[in-house]
Each structure stands twice: as C-alpha cells, then as structure tokens.
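Worksheet: one structure, shown below.
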Amino acid sequence: MPAAHLAGYSLIVFMIGTFASGILFSRISVKHINKNMEKDGVLPPNWDKGIGASVSFYVFAMFFERSRIPTPMFDGRFVAKYARPVDKTIGMIHLISVTGMMLCLCIVSYFSD
C-alpha cells in the first residue's frame, strides 16, 4: 500500500478522533474548568461564544507551562490548576489527534498528484 493511501486512511481516523475529543473536551472539561475559574473570580475567555475555539488554548495550558502565562486574551494559570485526570486524558487524545491529522495532511498533500 502506498504511503499516500496509508496516510489518507490515517487522516480520516485522526480527523474523527480530533472532532470527537474536541466535542468531549468542550462539553466535559471546559465546563468544569470554567465553573471552577469563576469561583476564583476569573472569567472564561469572552471571545469564545460557545463554538469551542478555546479548546486548543485549554489543552496547551494543561500540558505546556509557557501557555499558562496570563495574556489579555486568555489566563491559563487556572486551567492546569483545575484540570482533572479525565480532562488531561481527553486533552492528550485531542493533542495527539490534531498532531497526527496535521502530519497526515502534510504527507497526503506531498504525495498527491
């Protein structure tokens, strides 16, 4: 099987994983973290109006310390503080799926005719 075909099938699997983990993360983890952040008086990002755009910011803040630096758009210090093990698991699945999807997309586009 050529590399492009294998990468194409992998792209579909990673795409499904990305969408599923993104929905799970926004419905389970983001709601939990936002609720606890509001108890500390920190408002969730006001630029995310329920479309799930903050999912990537939350995942990066959980796993990368540099992403926890407060900025005018997002304060990631509290994300890592309130992340439960289930949140970290879903976040890791999302991070791996997005990375795999981007890698497969690059491979497919490189080998396409």
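The values are calculated or read from the model by the stated rules, or taken from the named source; none is laboratory data. Note that the structure is a prediction, hence the values are computed from the model and not measured. Every residue, glycine among them, receives a Cβ derived from its backbone with ideal geometry; neighbour counts consider all protein chains shown. Surface areas here come from the heavy atoms of the whole protein model, side chains and all, with no ligands, DNA or RNA. Shrake-Rupley method; radii C 1.70, N 1.55, O 1.52, S 1.80 Å.
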DSSP-assigned coil residues among chymotrypsin sites (Phe, Trp or Tyr not before Pro) in the stretch 3-91, each with at most 13 further Cβ atoms within 10 Å: W47, F64
Within the accessible area of the chain (1.4 Å probe), percent carbon and sulfur: 68 percent
Prolate/oblate/rounded call for the stretch 15-55, Cα gyration tensor, a/c under 1.5 rounded: oblate
Rg to Rh, two decimals, where the chain supplies the alpha carbon set and Rh follows Kirkwood: 1.08
All-pairs Cα distance distribution in the stretch 63-113, expressed in whole percent, bin size 5 Å: 5, 17, 16, 18, 15, 11, 8, 6, 3, 0
Probe 1.4 Å, protein heavy atoms only - accessible area per residue of the chain in square angstrom: 65 Å²
